[in-house]
1. Is at least one residue of region 168-177 touching a residue at least 12 places away in the same chain (Cβ under 8 Å), under 22 Å from residue 38 (Cβ atoms), surrounded by fewer than 20 Cβ atoms within 10 Å (Cβ to Cβ) and within 18 Å of the chain's Cα centre (by Cα)?
2. How many of the residues in region 35-60 are crowded, with 16+ Cβ neighbours inside 10 Å, among the hydrophobic types (A, V, I, L, M, F, W, C) and modelled with pLDDT under 90?
3. Suppose we keep only residues that are over 15 Å from residue 87 (Cα atoms) and over 18 Å from the mean Cα position of the chain (by Cα) within region 130-152. Which one would you say is most open to solvent (accessible area, probe 1.4 Å)?
4. Can you say whether residue 100 is modelled with pLDDT of 95 or more, under 19 Å from the mean Cα position of the chain (by Cα), among the aromatic types (Phe, Trp, Tyr) and in a loop (DSSP other than H, G, I, E, B), as far as the supplied structure shows?
5. Determine whether residue 228 is in contact with an Asp or Glu (Cβ under 9 Å, 6 or more places away or on another chain), of a type in the set (Ser, Thr, Tyr), modelled with pLDDT under 95 and over 20 Å from residue 106 (Cβ atoms).
6. Residue check: is residue 191 over 19 Å from residue 91 (Cα atoms), at pLDDT below 95, open to solvent by less than 50 Å² (accessible area, probe 1.4 Å) and among the β-branched types (Val, Ile, Thr)?
Amino acid sequence: MRRALLAAVLALAACDGQPSPAPPLPTVAATHAGPYDAGPVTPPARGALLGAWVKPDSYSQPGRLEAIEGLQRDLGRRLDIVNTYRRFDEDFGTESDREFIRQGLTIMLSWASGDTRSITSGRHDDLVRAQARRVREARVPVLLRFRWEMDRPNLRAAMWSPEDFVAAWRYVRRIFDEERVRNASWVWCPTAEGFTRGEAPPSTRATTRSTGPASTCTPGASSARSAT
């Protein structure tokens, strides 16, 4: 399926006719000259880290491994970062997670959240603490992308408001700090469209006190204390 998709993309690029116009750039963006505190996952002195999520043919542990291995064969190089999606109640530290770590790849854990107000009410404290311990026990730097694209319109009911998201972000980070998680670089990732709509910038308050204003997918500091 992945190779067929690549072939389709190449075929479209070779078609005759006028190219499609590029989508308009956001008219509002959060900018900051930095430097940022990237936490345990440090950026290279030059260049960038290459990462990807690859849809597996089978959502099994061998299927997840084969999807990444197949892309790496096609690219002729290893990835630096492997993105993996988990529901709020799904565990980190699966067989494929452990194998990626063994191979020296950095995992970006894209971890969905529940309802923000249910989080800050303490209803999910045991779940959050258990996940924090799993991340800590990985013993390697991990990118933790908590509730990515929190400004998506279809998430409004669960997020309630930017202020509720900020409160949930800080609440979860405080628990991770209490569990002595020191190997997580927190990633704040709204949508590009959210800046145009004006819905993304209010959520920066979750990270500005620890990392400064950020744009999309920006690693934050690992300690929750500076964000409270």
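The values are calculated or read from the model by the stated rules, or taken from the named source; none is laboratory data. No experiment lies behind these values; they were computed from the predicted model shown. Here the Cβ is made from the backbone with ideal geometry for all residues, glycine too, and neighbour counts use every protein chain on show. Quick note on the areas: whole protein, heavy atoms, side chains included, nothing else; ligands and nucleic acids left out. Shrake-Rupley method; radii C 1.70, N 1.55, O 1.52, S 1.80 Å.
1. Within region 168-177, one or more residues are touching a residue at least 12 places away in the same chain (Cβ under 8 Å), under 22 Å from residue 38 (Cβ atoms), surrounded by fewer than 20 Cβ atoms within 10 Å (Cβ to Cβ) and within 18 Å of the chain's Cα centre (by Cα).
2. 1
3. Among residues in region 130-152 that are over 15 Å from residue 87 (Cα atoms) and over 18 Å from the mean Cα position of the chain (by Cα), the one most open to solvent (accessible area, probe 1.4 Å) is 139.
4. Numbers: modelled with pLDDT of 95 or more: yes; under 19 Å from the mean Cα position of the chain (by Cα): yes; among the aromatic types (Phe, Trp, Tyr): yes; in a loop (DSSP other than H, G, I, E, B): no.
When the stated conditions are applied, residue 100 does not pass them.
5. Values: in contact with an Asp or Glu (Cβ under 9 Å, 6 or more places away or on another chain): yes; of a type in the set (Ser, Thr, Tyr): yes; modelled with pLDDT under 95: yes; over 20 Å from residue 106 (Cβ atoms): yes.
Answer is yes for this residue.
6. On the way: over 19 Å from residue 91 (Cα atoms): yes; at pLDDT below 95: yes; open to solvent by less than 50 Å² (accessible area, probe 1.4 Å): yes; among the β-branched types (Val, Ile, Thr): yes.
For residue 191, the condition - over 19 Å from residue 91 (Cα atoms), at pLDDT below 95, open to solvent by less than 50 Å² (accessible area, probe 1.4 Å) and among the β-branched types (Val, Ile, Thr) - is met.
So that you can scan it fast, the table gives a plain yes or no per residue for (1) of a type in the set (Gly, Ala, Ser); (2) modelled with pLDDT under 90:
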| site | (1), (2) |
| --- | --- |
| 19 | no, yes |
| 24 | no, yes |
| 73 | no, no |
| 80 | no, no |
| 85 | no, no |
| 104 | yes, no |
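Residues are listed down the side, and each one gets a yes or a no for (1) buried (at least 16 other Cβ atoms within 10 Å of the Cβ); (2) over 21 Å from residue 182 (Cβ atoms); (3) not acidic (Asp, Glu):
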| site | (1), (2), (3) |
| --- | --- |
| 77 | no, yes, yes |
| 96 | yes, yes, yes |
| 99 | yes, yes, no |
| 103 | no, yes, yes |
| 113 | yes, yes, yes |
| 125 | no, no, no |
